[in-house]
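Below is one structure, written out as structure tokens, with a few remarks after it.
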Amino acid sequence: MTATDTIIIGGGHNGLICATLLARAGQKVVIVEADSQLGGLARHRAFYPGFHASVAQTLYALPKAVIDSLSLEKYGFEPAKEPIETIALSPAEPPIFLSRNAIAGATDTDRRAFPAFQQRLQRFSQALSPFWAKTLPRLGATGLQGLMTYGHLGVKLRTLGKADMLEFFRVATLPMRDLVDEHFEGESLKAALCWDGLLGSQLAPRSPNQGVLTLLNRKAGYWGGSHSAPEGGIATLISALVAAATEAGVQCLTGNAVQHISVEGSEQGLFCTGVELANGEVLKSQRVASSADPKTTFLDLVGAQHLEIEFSNRIRRLRSKGYVAKLHLALSELPVFSGLDKPLGRLILAPSMDAIEFAWDAAKYGELPEEPVMEVFIPTLIDPSSAPPGQHILSANVMYIPGEPKGGWTQSLRQQLMQQLMETLSEYAPGIENLVLGSELLTPADLEHTFRLTGGHWHHIEPAIDQLLMMRPTYEAAQYKTPIEGLYLCGAGSHPAGDVSGNPGRNAAREMLS
Ligand SMILES: Cc1cc2nc3c(=O)[nH]c(=O)nc-3n(C[C@H](O)[C@H](O)[C@H](O)COP(=O)(O)OP(=O)(O)OC[C@H]3O[C@@H](n4cnc5c(N)ncnc54)[C@H](O)[C@@H]3O)c2cc1C
């Protein structure tokens with residue numbers, strides 16, 4: 001094989017985006033993906049004969065700028081015409097239906113408070129949104145570019161107006177619980193409003209620091225953070241990304257794992273020369289960009305022997321334990337959820353913020369929550385072709401499930417979890433257990449193994465304040481460049497973080513071309 005300009009490790013959505021942008025700029029680009037399919041956590045896979053689903057189930061963080069910069073509509077991806085509702089469910093309360101600025105089923109007080117609360121968060125999110133698409137300056141950098149970025153941030157916050165700016169600084173690091181408690185009274189409503197600040201992280205409603213920032217990041221997506229599912233499902237996004245990459249001339253080697261990133265030394269320091277595949281083949285390139293998580297990239301693929309001890313220790317210490325499990329059910333028919341005509345929307349099964357907190361309390365000590373909380377979506381209501389005619393899929397993100405439970409994952413613990421999940425689901429959708437044809441339960445340990453994802457973490461590494469912004473994943477590698485010349489990061493472990501947003505891949509490509 002002839003030498004390549006850039007090898008991208010991992011063909012998840014970020015790897016695909018990075019590859020396409022580089023190829024369009026004239027580079028010869030090769031993606032090396034370990035799985036036989038592209039798309040990473042968003043790849044559409046069969047979990048039961050005739051039933052296909054992706055782990056990532058809805059879009060909310062994908063911004064218009066990413067869709068436009070790749071002309072994805074030309075390749076068959078159309079954003080949903082409108083977002084789906086979020087529906088807060090509780091066995092003790094009637095359902096509450098939330099759309100962007102309207103709410104139904106809530107108390108009068110909550111109904112009155114909701115639009116102003118949403119609009120204010122939206123204004124904060126809009127002020128921050130340019131920074132998710134930028135490379136943040138290196139800590140301590142005094143260059144003009146860095147100063148301009150900080151200046152821009154200051155101006156954006158100032159143009160919020162004095163009252164909003166002061167409020168932004170007050171709430172930016174509040175625990176999610178305090179934020180929603182100030183405005184609302186309904187228990188299930190408060191739980192649902194917390195959800196997007198917590199999902200995928202080691203945070204519960206009472207945890208301080210970064211829940212609000214995560215929420216504001218998510219609100220920068222196409223529908224202002226409202227969840228959506230395009231016609232044809234999330235698979236249409238991946239097929240459009242693959243088509244765009246192919247047309248740009250990107251070569252995709254699927255079913256090939258990278259075993260090592262090849263590193264050599266010179267007087268100027270270490271530099272990267274390509275990769276070695278698990279089958280022993282060596283691929284040479286000018287640059288390598290890894291969308292594998294930072295621990296995999298540096299500790300497994302580069303190897304600590306090539307890294308400064310302080311840097312490798314910082315990478316080793318990155319917090320990357322995931323606490324979300326994925327449940328897929330193949331159902332013989334559409335389940336009936338109490339109080340709903342049709343379960344069309346994102347259903348939050350969490351009766352209160354305490355229920356979320358208690359689930360976290362158990363998981364952080366390596367135990368299964370007595371009452372798991374979850375987010376449920378029925379993708380076949382949007383994309384019926386994912387299941388045989390008339391049959392349905394239930395896809396749930398379950399919080400909080402430890403990746404390393406006390407005593408490890410035994411068959412009986414898995415059965416216990418499955419039973420708890422079915423009991424919880426049947427509280428909301430009585431009789432659902434009779435509709436189950438087949439199921440797939442992916443604990444964080446399964447996600448780690450199946451998707452080559454350290455800890456099975458939603459964001460590759462925890463989006464904690466010390467692992468965010470110009471410190472993501474560490475301050476030496478936060479500008480997509482790494483301490484090894486020619487080696488870049490381009491996945492969810494880089495700024496701004498995970499979710500299907502495309503920002504890390506797009507930002508990394510821009511850095512590599514600058
Ligand atoms: C349970 C769960 C549910 C989620 N649901 C949603 C959702 O509904 N909406 C949303 O926006 N986000 C969701 N997320 C988060 C989102 O899926 C991820 O943040 C996002 O997929 C990260 O994209 P990526 O391209 O950076 O990495 P990934 O999607 O993780 O892709 C990385 C790719 O690199 C490959 N790879 C790794 N190591 C190697 C190697 N050595 N050689 C070759 N290839 C390698 C992997 O096989 C993988 O294909 C969810 C996450 C989880 C865990």
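The values are calculated or read from the model by the stated rules, or taken from the named source; none is laboratory data. Keep in mind the model is a prediction, meaning the values are calculated, not measured. Neighbour counts run over all protein chains shown; Cβ positions are idealised from the backbone, glycine included.
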Checklist entry - Of the numbered conditions (1) of a type outside the set (A, V, I, L, M, F, W, C); (2) within 16 Å of the ligand (Cβ to nearest atom); (3) more than 12 Å from LYS326 (Cβ to Cβ); (4) surrounded by fewer than 22 Cβ atoms within 10 Å (Cβ to Cβ), SER439 satisfies every one except a single condition; which is it? => result (3)
Checklist outcome for this item: Among residues of segment 468-510 being assigned to a helix (DSSP H, G or I) and either away from the ligand (no atom under 14 Å from the Cβ) or free of Cβ contacts under 8 Å to residues at least 60 places away in the same chain (or both), the residue farthest from GLY197 (Cα to Cα) is ARG510
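Taking segment 380-402 as the search range and keeping residues that are part of a loop (DSSP other than H, G, I, E, B) and not β-branched (Val, Ile, Thr), which one is nearest to the chain's Cα centre (by Cα)? Write out each step before concluding.
So the first thing to find is which residues in segment 380-402 are part of a loop (DSSP other than H, G, I, E, B), and the list is 382-383, 387-391, 400-402.
Filter once more, keeping what is not β-branched (Val, Ile, Thr): 383, 387-391, 400, 402.
Working: ASP383: 21, ALA387: 25, PRO388: 28, PRO389: 30, GLY390: 30, GLN391: 28, TYR400: 16, PRO402: 18 Å.
Per the stated criteria, the residue is TYR400.
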Checklist entry - All but one of (1) among the β-branched types (Val, Ile, Thr); (2) more than 16 Å from the ligand (Cβ to nearest atom); (3) in the same structural domain as ARG314 (by TED's automatic domain parsing) hold for ILE461; which doesn't? => result (2)
Item to check | Leading residue by the ranking (farthest from THR20 (Cα to Cα)) among those in segment 462-512 that are of a type in the set (A, V, I, L, M, F, W, C) and touching a Phe, Trp or Tyr at 6+ places or on another chain (Cβ under 7 Å) | outcome: ILE484
Next on the checklist: Given the criteria in a helix (DSSP H, G or I), touching a residue at least 24 places away in the same chain (Cβ under 8 Å) and not aromatic (Phe, Trp, Tyr), does GLY438 qualify?
Outcome noted: no
Checklist entry - Does THR246 fit the bill of being in contact with a Cys (Cβ under 8 Å, 6 or more places away or on another chain) and either farther than 18 Å from ILE9 by Cβ or charged (D, E, K, R) (or both)? => result yes
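Rundown of residues vs (1) farther than 30 Å from LEU487 by Cβ; (2) of a type outside the set (Asp, Glu); (3) within 25 Å of the chain's Cα centre (by Cα), yes/no style:
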residue: ILE7; (1), (2), (3): no, yes, yes
residue: LEU21; (1), (2), (3): no, yes, yes
residue: GLN27; (1), (2), (3): no, yes, no
residue: GLN37; (1), (2), (3): no, yes, yes
residue: LEU70; (1), (2), (3): no, yes, yes
residue: THR86; (1), (2), (3): yes, yes, yes
Item to check | Filter pass, ALA88 being over 22 Å from LEU241 (Cβ atoms), part of a helix (DSSP H, G or I) and small (Gly, Ala, Ser) | outcome: no
Checklist entry - In this structure, does PRO115 turn out to be out of contact with any helix residue (DSSP H, G or I) (no Cβ under 9 Å at 6 or more places or on another chain), part of a helix (DSSP H, G or I) and under 20 Å from LEU160 (Cβ atoms)? => result yes
Checklist outcome for this item: Restricting segment 60-79 to residues that are outside any helix (DSSP H, G or I) and surrounded by fewer than 18 Cβ atoms within 10 Å (Cβ to Cβ), the one nearest to the ligand (Cβ to nearest atom) turns out to be GLU78
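Please work out if ALA248 is surrounded by fewer than 17 Cβ atoms within 10 Å (Cβ to Cβ) and over 24 Å from the mean Cα position of the chain (by Cα). Working first, answer last.
Details: surrounded by fewer than 17 Cβ atoms within 10 Å (Cβ to Cβ): no; over 24 Å from the mean Cα position of the chain (by Cα): yes.
No, not satisfied.
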Checklist entry - Only one of LEU160, LEU253, LEU166 is of a type outside the set (Val, Ile, Thr), touching a strand residue (DSSP E or B) at 6+ places or on another chain (Cβ under 7 Å) and more than 24 Å from ILE348 (Cβ to Cβ); which? => result LEU253
Next on the checklist: Can you find a residue that is within 16 Å of the ligand (Cβ to nearest atom), touching a His at 6+ places or on another chain (Cβ under 7 Å) and modelled with pLDDT of 95 or more anywhere in segment 335-347?
Outcome noted: yes
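Determine which member of the set PRO83, PRO94 is assigned to a strand (DSSP E or B) and surrounded by fewer than 24 Cβ atoms within 10 Å (Cβ to Cβ).
Working: PRO83 fails: assigned to a strand (DSSP E or B).
Being assigned to a strand (DSSP E or B) and surrounded by fewer than 24 Cβ atoms within 10 Å (Cβ to Cβ) holds for just one of PRO83, PRO94, which is PRO94.
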Checklist outcome for this item: Considering residues that are assigned to a helix (DSSP H, G or I) and farther than 30 Å from PHE51 by Cβ, the number found within segment 296-339 is 19
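Take the residues in segment 1-53 that are of a type in the set (Lys, Arg) and surrounded by 19 or more Cβ atoms within 10 Å (Cβ to Cβ); name whichever of them is nearest to the ligand (Cβ to nearest atom). So that I can check it myself, show each step before the final result.
First pass over segment 1-53, keeping only residues of a type in the set (Lys, Arg): 24, 28, 43, 45.
Then keep just the ones that are surrounded by 19 or more Cβ atoms within 10 Å (Cβ to Cβ); that gives 24, 43.
Working: ARG24: 18, ARG43: 7 Å.
Checking each candidate, the answer is ARG43.
Would you pick out the residues in segment 361-377 that are part of a loop (DSSP other than H, G, I, E, B) and closer than 30 Å to LEU340 by Cα? First the steps, then the outcome.
Start the filter on segment 361-377 by keeping residues that are part of a loop (DSSP other than H, G, I, E, B), which leaves 365-372.
Within segment 361-377, LEU368, PRO369, GLU370, GLU371, PRO372 qualify.
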